[in-house]
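Trainee: Please see the structure below; I have some questions.
The values are calculated or read from the model by the stated rules, or taken from the named source; none is laboratory data. Just so we're clear, the structure is a prediction, and the values are computed from it rather than from any experiment. Counting neighbours? That spans all protein chains shown, and the Cβs are built from the backbone with ideal geometry, glycine included. Protein only, heavy atoms only, side chains kept; ligands, DNA and RNA dropped before computing areas. Shrake-Rupley method; radii C 1.70, N 1.55, O 1.52, S 1.80 Å.
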Amino acid sequence: MLRSAATRQDDETFLPKGIHRSRRLPDEQLGALWDSIVLDEKLKIQLLSQAALNFTLRGKVERTVLPLHGVILLVGPPGTGKTSLARGLAHRVAKLFPAGGFKLLEVEPHTLTSSAHGKTQRAVSELFSQSIAETASGGPTIVLLDEVETLAADRTKLSLEANPVDVHRATDAVLVQLDTLAERHPNLLFVATSNFPQAVDSAFTSRCDLVLQIPLPDRDACARILADCLAGLARTYPAVGGLVSSPDFARCAAECVGLDGRAIRKMVANALAASPQVAMDPGTVSSSDLLAAAKAAKANRAIGSAKA
Ligand SMILES: Nc1ncnc2c1ncn2[C@@H]1O[C@H](COP(=O)(O)OP(=O)(O)O)[C@@H](O)[C@H]1O
Ligand SMILES: [Mg+2]
């Protein structure tokens, strides 16, 4: 039988426009995502603390005292783990509150934006004022606004291919809705991500309670991502586990500096495709295959950034 998008849901059969997934929290799969992202522990703790504070304090302290909006923004280059962190954060926050009842809604901004005049604005308003508000009335709710620049585009830089008037109105609608929801729903937290912070409207950024920069991994983080990736592969191909202690490992990790976490994991996949023989028997991948793949990924990145 064909599985429709709706059957993927664990708690709803019908999803309103603009929401592509809704799930109950905590969800251990999301916990695994949080753990899989190698990031300075201080940043992870800061993120978790800000999210927890949202649910302890906002219902109790007047907005005239602390004008919190319940919005956290993660910014950084593509592939640095922002979306994974946002999902993982939802799980970790929910685990802190034993009373439970938390839900995660994932917004798909691209399904809201429409070139038809005024449609985006209406879709945005409906999503926030109806679907999100309804869920937030039912219990603590976390909303992932992935790639938020699509929804809250900088109104001063409307060089986008979409109808500029429509983009302008959509951004206005997001801001109005955020203000209304912040007043009415203290049990609501938006976690937004953006690869292009310069494309996000400054009125949106100023409403964020925390803007956290997610950096490219440094040398130590590259080594940890690589080691984690190889350890994961070793669960299927035990011989791969030995590469972590090979003399080439440190050189390989050093070669990864400048790549994002996604690119590092993809580079390992490229190493497994070093030849048809290795591809047919991935456990035979060698440390020189890995080093060659890391060098190639780095060289490609250099070409990419020269073009950009
Ligand atoms: N810092 C990191 N540590 C470990 N893995 C990472 C890291 N950053 C990215 N990845 C991997 O890259 C993939 C894409 O991450 P994602 O969360 O989609 O990044 P972004 O949203 O910033 O583009 C994930 O599979 C993740 O495991
Ligand atoms: Mg992302």
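Trainee: With every protein chain present, what is the per residue accessible area of the chain (1.4 Å probe, Å²)?
Mentor: Values: 15080 Å² over 308 residues.
Computed with neighbouring chains in place, this is 49 Å² per residue.
Trainee: For Lys95 and Ala231 in the same chain, what is the full-extension length gain: residue separation times 0.36 nm, less their Cα-Cα distance, in nm? Spell out each step's value before the answer.
Mentor: Values: separation 136, 0.36 × 136 = 48.96 nm, distance 2.68 nm.
Full extension of this stretch gives 46.3 nm more.
Trainee: Beyond a 29 Å Cα-Cα separation, which of these cross-linked pairs lie in this structure: Lys103/Lys298; Lys42/Lys95; Lys60/Lys95; Lys82/Lys298; Lys42/Lys157; Lys42/Lys103?
Mentor: Details: Lys103/Lys298 40 Å; Lys42/Lys95 19 Å; Lys60/Lys95 21 Å; Lys82/Lys298 22 Å; Lys42/Lys157 34 Å; Lys42/Lys103 26 Å.
Violating the 29 Å limit, Cα to Cα: Lys103/Lys298; Lys42/Lys157.
Trainee: Let me ask something additional. Could you tell me which of rounded, prolate or oblate describes the chain, using a ≥ b ≥ c as the square roots of the eigenvalues of the alpha-carbon gyration tensor, with rounded for a/c under 1.5 and, failing that, prolate when a/b is larger than b/c and oblate otherwise?
Mentor: Details: a/c = 1.95, a/b = 1.69, b/c = 1.15.
Judged from the Cα gyration tensor, the chain comes out prolate (a/c at least 1.5, a/b above b/c).
Trainee: Compute the semi-axes of the equivalent ellipsoid of the range 219-299, taking the square root of 5 times each eigenvalue of the Cα gyration tensor, and list them largest first in whole Å.
Mentor: Details: eigenvalues 64, 37, 23 Å².
Ellipsoid semi-axes (Å, largest first): 18, 14, 11.
Trainee: Still on this structure: Spin-label point model (7 Å from Cα, Cβ direction): what's the Ile45 to Ile303 distance in nm?
Mentor: Simple spin-label model gives 4.4 nm for this pair.
Trainee: So, one more: Rank-order 168-175, 196-203 by packing density, defined as the average count of other C-beta atoms within 10 Å over each peptide's residues, highest first.
Mentor: Details: 168-175: 21.5, 196-203: 16.5.
Descending mean neighbour count gives 168-175, 196-203.
Trainee: Rounded if a/c is under 1.5, else prolate if a/b is larger than b/c, else oblate: which is the range 65-156, with a ≥ b ≥ c the root eigenvalues of its Cα gyration tensor?
Mentor: Values: a/c = 1.91, a/b = 1.34, b/c = 1.42.
Cα axes put the range 65-156 in the oblate bin.
Trainee: Angle, helix 287-307 long axis vs. longest principal axis of the chain, Cα atoms, 0 to 90°, nearest 10?
Mentor: Roughly 50 degrees between the two axes.
Trainee: Return an integer: the convex hull volume of the alpha-carbon atoms of the range 229-271, in Å³ per residue. Mind dumping the intermediate values first?
Mentor: Details: hull volume 2.9 nm³, N = 43.
Residue-normalised Cα hull volume stands at 67 Å³.
Trainee: Find how many whole Å separate the alpha carbon centroid of the range 173-216 from the alpha carbon centroid of the range 40-81.
Mentor: So the two Cα centres are separated by 10 Å.
Trainee: So for the pair Arg24, Lys60, with labels modelled 7 Å out along Cα→Cβ, what separation do we get in nm?
Mentor: Calculated label separation equals 2.8 nm.
Trainee: Nearest 5 is fine: what % of DSSP beta bridges in the range 5-213 come out antiparallel, could you say? It would help to have the intermediate numbers written out before the result.
Mentor: Values: 6 of 25 bridges.
In the range 5-213, DSSP labels about 25 percent of beta bridges as antiparallel.
Trainee: State the cysteines of the chain left without a partner when partners are defined as other cysteines whose beta carbon lies under 4.7 Å away.
Mentor: Cysteines of the chain left without a disulfide-compatible partner: Cys208, Cys229, Cys252.
Trainee: Could I ask something else about it? Counting each DSSP H run of 4 or more residues in the chain as -39500 (n - 2.57), what helix-only mean residue ellipticity at 222 nm follows after dividing by all residues, to the nearest 500 deg cm²/dmol?
Mentor: Working: 13 runs with 148 residues, N = 308.
One gets -14500 deg cm²/dmol as the mean residue ellipticity at 222 nm.
Trainee: Right, something else. Report relative contact order for the range 219-299 in percent, whole number only (criteria: Cα-Cα under 8 Å, sequence separation at least 6).
Mentor: Working: 93 pairs, mean separation 28.7, N = 81.
Computed value for the range 219-299: 35 percent relative contact order.
Trainee: Still on this structure, please answer the following. With the cut-off at 1.5 for a/c, could you classify the range 192-243 from its C-alpha gyration tensor as rounded, prolate or oblate? Could the numbers behind the result be given before it?
Mentor: Values: a/c = 4.52, a/b = 3.44, b/c = 1.31.
Taking the square roots of the gyration eigenvalues as a ≥ b ≥ c, the range 192-243 is prolate.
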